[in-house]
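Asker: My questions all concern the structure below.
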Amino acid sequence: MKKIILSMFTVLVALTLTVNTASASSYTDAANLGEVLKTKLSSFNSTINSGDISLIDDQYDSFSNDIKKTERAIGKTSGKSNRDALNNKYVKPAKVARERVIYEVSQYRLMKVINDSLTANRVDIANSDFAKLERLEKRAVEIKEAGGYEQLPAKVSNGLSKIKSDIVDKLNELNNRNSRKNPAGIGETLLVEKDDWLDGHVKYEVELTDVITGDEALTLVKEANMYNDSPDAGMKYVLAKFRIKVLELEKEPYDINHAKFKAVSGSGVTYDDWISIAGLEPDLRNDLYEGAEHEGWTYFMVDENDEPLVVFNQGWDDEVWFDISN
């Protein structure tokens, strides 16, 4: 009986020693990671104090991962008092430093996304994200005031302001750039330049100089040639006069023809039906050499209740839009 009791006591002691050893090992591992995090915190704070938002952003994710690793290790440590002490010593100061710049890093990253959208000419997405940026800035001010965080170096806000200012300039330029949503009107000259495999380098001016529609357009069509057809039922003719001046041209001549101009409905549907009107003078169709300037009529048949647009060179780099709703 004594032997059995002695054996049980020996096993119990061994288990206790094993548990204590494991607990001590977990505590040591957590403390070691905490010391590493403490060193990283010192480095991160130095970067914050430098005011360089780009460097802060570079270190942010790595620093966040170090916080997570330390938290996980502390979570494996036995004893709430031990865990609280380790968290207060290592994790809490690190989180305060991270939270101090979290909104600035978020703004910086969102502005990088906006710049990528602008580079890809995704203006609608850029405008939407810019609205998010302004909401984020407002929220940041509210959180910082409520949380009593230590103020960041002025260089951080100055750096973000400079990036934002550049974005605003780009957005203004692109939002005012010719597009389906921002077509040119009568008398507005567009300067267009492109370089592609078809025409090589071309630089030219294009201007919508006149628009005639409805009964007046039909009268001109019939006067041009009595055999010209009337528009289909529920449709109307729109005559548009364009001026084009070729400023620079790599491959001569530059072909101007009616097929390069397409009518697009107010709802965004391209009119694809082919029509032909003879006798309109001056005719738009021509071959132009460098320095040449030409003005002439082209024509479209559209829904009689539509307020259409015209797109020139649809789908090419020099695509431009005009309002012919008149």
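The values are calculated or read from the model by the stated rules, or taken from the named source; none is laboratory data. The structure displayed is predicted, hence computed values, not measured ones. Glycine also receives a Cβ, built like all others from the backbone with ideal geometry; neighbour counts cover every protein chain displayed.
Asker: For the subset of the stretch 209-232 comprising residues that are touching a Leu at 6+ places or on another chain (Cβ under 9 Å) and assigned to a strand (DSSP E or B), which member is nearest to Glu295 (Cα to Cα)?
Answerer: Result: Asp210.
Asker: Separate question: If Ala131 satisfies every condition in (1) part of a helix (DSSP H, G or I); (2) surrounded by 12 or more Cβ atoms within 10 Å (Cβ to Cβ) but one, which is the exception?
Answerer: Of (1) part of a helix (DSSP H, G or I); (2) surrounded by 12 or more Cβ atoms within 10 Å (Cβ to Cβ), only one is false for Ala131: (2).
Asker: State all residues of the stretch 208-241 that are farther than 18 Å from Ala278 by Cβ, modelled with pLDDT of 95 or more and either among the aliphatic types (A, V, I, L, M) or surrounded by fewer than 19 Cβ atoms within 10 Å (Cβ to Cβ) (or both); if no residue qualifies, say none.
Answerer: Here is the first cut: in the stretch 208-241, the ones farther than 18 Å from Ala278 by Cβ are 208-211, 213-216, 233-236.
When the remaining residues are screened for being modelled with pLDDT of 95 or more, the result is 208-211, 213, 215-216, 233-236.
Leu208, Thr209, Asp210, Val211, Asp215, Glu216, Ala233, Gly234, Met235 - these are the residues of the stretch 208-241 that are farther than 18 Å from Ala278 by Cβ, modelled with pLDDT of 95 or more and either among the aliphatic types (A, V, I, L, M) or surrounded by fewer than 19 Cβ atoms within 10 Å (Cβ to Cβ) (or both).
Asker: Would a scan of the stretch 166-185 turn up a residue that is in contact (Cβ under 8 Å) with a residue 60 or more places away in the chain and of a type in the set (A, V, I, L, M, F, W, C)?
Answerer: Checking the stretch 166-185: at least one residue is in contact (Cβ under 8 Å) with a residue 60 or more places away in the chain and of a type in the set (A, V, I, L, M, F, W, C).
Condition check ((1) of a type outside the set (Phe, Trp, Tyr); (2) exposed (fewer than 12 other Cβ atoms within 10 Å of the Cβ); (3) more than 31 Å from the chain's Cα centre (by Cα); (4) closer than 20 Å to Tyr149 by Cα) across all residues:
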site	(1), (2), (3), (4)
Asn45	yes, no, yes, yes
Tyr60	no, no, no, yes
Asp66	yes, no, yes, no
Lys69	yes, no, yes, no
Thr77	yes, no, yes, no
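Asker: Any chance the stretch 154-172 includes a residue that's of a type outside the set (Ser, Thr, Tyr), over 13 Å from the mean Cα position of the chain (by Cα) and closer than 30 Å to Lys245 by Cβ?
Answerer: Checked the stretch 154-172: at least one residue is of a type outside the set (Ser, Thr, Tyr), over 13 Å from the mean Cα position of the chain (by Cα) and closer than 30 Å to Lys245 by Cβ.
Asker: Tell me which residues, restricted to the stretch 280-313, are surrounded by fewer than 15 Cβ atoms within 10 Å (Cβ to Cβ) and outside any strand (DSSP E or B).
Answerer: Glu281, Pro282, Tyr289, Gly291, Glu304, Asn305, Glu307
Asker: Given (1) over 21 Å from Thr219 (Cα atoms); (2) part of a loop (DSSP other than H, G, I, E, B), identify the lone condition not met by Trp321.
Answerer: The one condition Trp321 does not meet is (2).
Asker: If you don't mind, another one. Could you check the stretch 204-239 and list, in sequence order, the residues that are of a type in the set (Phe, Trp, Tyr) and more than 16 Å from Ser265 (Cβ to Cβ)?
Answerer: Listed by number, the residues that qualify are Tyr204, Tyr227.
Asker: Residues that are within 21 Å of Gly185 (Cα to Cα), within 35 Å of the chain's Cα centre (by Cα), among the hydrophobic types (A, V, I, L, M, F, W, C) and assigned to a loop (DSSP other than H, G, I, E, B): does the stretch 238-260 have at least one?
Answerer: No, that holds for no residue.
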